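Read the structure below first, then the notes.
The values are calculated or read from the model by the stated rules, or taken from the named source; none is laboratory data. It should be emphasised that the depicted structure is a prediction, and the values quoted were computed from it without experimental measurement. Glycine gets a Cβ as well: all are built from the backbone with ideal geometry, and neighbour counts include every protein chain shown. Please note that ligands, DNA and RNA were not included when accessible areas were found on the heavy atoms of the full protein model with its side chains. Shrake-Rupley method; radii C 1.70, N 1.55, O 1.52, S 1.80 Å.
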Amino acid sequence: MNVIVRCCGGLTLVLTAAGCSLTPVAPAEPPAPPVSASSTAVELPTPAPSLVAPVSRPTTAGFSYQDPGPVCQRFAAALYSADTTRDSDAAGAWQRAAAYMSGVLAAQSAAAARDGRWQLWQQHQVHLDTSTLLLDPDPETADTPTEAARTVRVTATPVGADGWRGPTEDSRLLCELARTDAHAAWRVADFRIEPAGPR
């Protein structure tokens, strides 16, 4: 024999007298309220897109963007061009490097202004003494008409106007470049920085 017991909270239990088992039964769904003919649908806001919106890309006058190697090298030199005597914050170098970036990459500049060394550099009126060397392309990674990869070796030393010098950073900057077709300008679409090995 089954005995139905309704508990607080709307949970219904069916007690089987012979086996003394408890079987929960979901409460019945309440009926939906009637929809008035005069009611209007509420339109929910469209969620914002997850991708960063591209920005208008600056260009460097007189520079050809047709060779991915020089584009990557110019990008690296600009990225390591911080100068506290002319830049208000660490984002100045990023803004100069944006002339060689894709629009989506150029829009990701929020973190560029946050550099833990900037306050120390300002105290010494630092500029980065930077040299770049374009390395030979990887023979196993062939270019396509719209994609290419290049690597630049970067050596950067913070030099203060008061004679102070910071540690030299020796890095390899790997560029992933893209363009829309075989006649368009190359731009750095993504990059990563690795510690450089021995020369």
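Each residue in the range 131-160 was checked for being closer than 14 Å to Ser171 by Cα and of a type in the set (S, T, N, Q), and 5 pass.
For the condition modelled with pLDDT of 90 or more and of a type in the set (S, T, N, Q), Gln95 qualifies. Elements of the type helices (runs of 4 or more DSSP H) sitting completely within the range 88-131 and holding at least 2 residues that are open to solvent by 30 Å² or more (accessible area, probe 1.4 Å): these cover 91-97, 118-124. Across the range 132-152, what is the total count of residues that are acidic (Asp, Glu) and either open to solvent by less than 60 Å² (accessible area, probe 1.4 Å) or within 21 Å of the chain's Cα centre (by Cα) (or both)? The qualifying residues number 1. Taking the stated definitions as given, is Ala189 assigned to a loop (DSSP other than H, G, I, E, B), open to solvent by less than 80 Å² (accessible area, probe 1.4 Å) and within 18 Å of Thr60 (Cα to Cα)? For Ala189, the condition - assigned to a loop (DSSP other than H, G, I, E, B), open to solvent by less than 80 Å² (accessible area, probe 1.4 Å) and within 18 Å of Thr60 (Cα to Cα) - is not met. Do you know which residues across the range 161-198 are touching a strand residue (DSSP E or B) at 6+ places or on another chain (Cβ under 6 Å), of a type in the set (A, V, I, L, M, F, W, C) and free of Cβ contacts under 8 Å to residues at least 40 places away in the same chain? Scanning the range 161-198 gives Leu174, Ile193. All told, Arg153 falls short of being over 21 Å from Arg96 (Cβ atoms) and either in contact with a Cys (Cβ under 9 Å, 6 or more places away or on another chain) or among the basic types (Lys, Arg) (or both).
Is it the case that Val159 is surrounded by 15 or more Cβ atoms within 10 Å (Cβ to Cβ) and over 23 Å from the mean Cα position of the chain (by Cα)? Against the criterion (surrounded by 15 or more Cβ atoms within 10 Å (Cβ to Cβ) and over 23 Å from the mean Cα position of the chain (by Cα)), Val159 qualifies. Can you pull out the residues in the range 66-78 that are at pLDDT below 95 and in contact with a helix residue (DSSP H, G or I) (Cβ under 6 Å, 6 or more places away or on another chain)? None; the set is empty. Scanning the range 134-160 for residues being without any contact (Cβ under 8 Å) to a residue 60 or more places away in the chain and closer than 13 Å to Ala196 by Cα gives a total of 3. Taking residues in the range 75-92 that are in contact (Cβ under 8 Å) with a residue 40 or more places away in the chain, and partners anywhere that are part of a loop (DSSP other than H, G, I, E, B), the pairs with Cβ atoms closer than 7 Å and at least 6 places apart or on different chains are Ala82/Ala90; Thr84/Gln125; Thr85/Gln125.
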